[in-house]
1. Which is in a loop (DSSP other than H, G, I, E, B) and at pLDDT 95 or above, of L235, L229?
2. Would you mind stating whether R113 is more than 18 Å from R189 (Cα to Cα) and among the basic types (K, R)?
3. Scan the range 160-175 and tell me whether some residue there is surrounded by fewer than 22 Cβ atoms within 10 Å (Cβ to Cβ), in contact (Cβ under 8 Å) with a residue 60 or more places away in the chain, assigned to a loop (DSSP other than H, G, I, E, B) and on the phi > 0 side of the Ramachandran plot.
4. Is the range 104-114 home to any residue that is within 20 Å of the chain's Cα centre (by Cα) and modelled with pLDDT of 95 or more?
Amino acid sequence: MSHHIVETRHLKHIYPDGTIALKDVSFRIEHGESVGIIGANGAGKSTLLLHLNGYLTATSGEIIIGDDPLTKQNLAVIRRTVGMVFQDPDDQLFMPTVFDDVAFGPINLGLSRAEIETRVSEALSRVEAGALRDKPPYHLSCGEKKRVAIATVLSMLPEILVLDEPTNGLDPYARRLLIALLKGFHHTRIVTSHDLDMIFELCERTIVLHEGEVMADGPTLEIFRDNALLNTCRLEKPLAMQGCPVCSPEHRPLPKQQPLIEPHSRKPHQHNH
């Protein structure tokens, strides 16, 4: 039995206003997989993630973590197993200092002071944020907040890492740093993003959601090669798979043609005497 397995069975979610966010979502993610979940705005991506550790309750269907269905009775265990990193890091950072935020989970587990210190130090080290431990979170840049938010999850030693739009709002350097960081994790990873180049680089498998349903589930490269699927789901290929508008022959402008001048049509040179 592996706690790293995530499975949904016929998951459906209807919001109180009657909006059907998820219609019939089923998939199984195995131990150690890195899976991207993509779709246009309103496809149901964030709603789906919020079900995976019980932040939202399904209208119908099941969520299985390892061999156990997610229930109210085992919710605390599931939340330690499935670490959720929200799209907005301010939703996770609310304590006076970075140390306090990263220590919050371990403190609530009743760990000793020494164990809390170890977990915080190791989590901050993994996200290259050790120098930030005494800073107030509201003084951090967006990229720093993202890394600290991940550290708050890592300090709980989760076996499954779930990230909602992790590169959203990051500058190119911070984005590259975060992708490198995520590549180094050996957790089961589930990532939603509009950053399809990041999905292409990070995830071997991709699930496509469209209007609350799974439209495709397969190897990421095959998904991004399916033009009809992408068009139907209002998606585009990652930039890495698009032809360069300067270099691609189909986009390269034709050279300007010089008008041909017949040799006999030239006027003879006029000499002034």
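The values are calculated or read from the model by the stated rules, or taken from the named source; none is laboratory data. On a predicted model such as this, the values are computed, not experimentally measured, just so you know. Backbone-built Cβ (ideal geometry, glycine too); neighbour counts: all protein chains shown.
1. On the way: L229 fails: in a loop (DSSP other than H, G, I, E, B).
Answer to the check: L235.
2. yes
3. Yes, some residue in the range 160-175 is surrounded by fewer than 22 Cβ atoms within 10 Å (Cβ to Cβ), in contact (Cβ under 8 Å) with a residue 60 or more places away in the chain, assigned to a loop (DSSP other than H, G, I, E, B) and on the phi > 0 side of the Ramachandran plot.
4. Step one: filter the range 104-114 for residues within 20 Å of the chain's Cα centre (by Cα), giving none.
No: zero hits.
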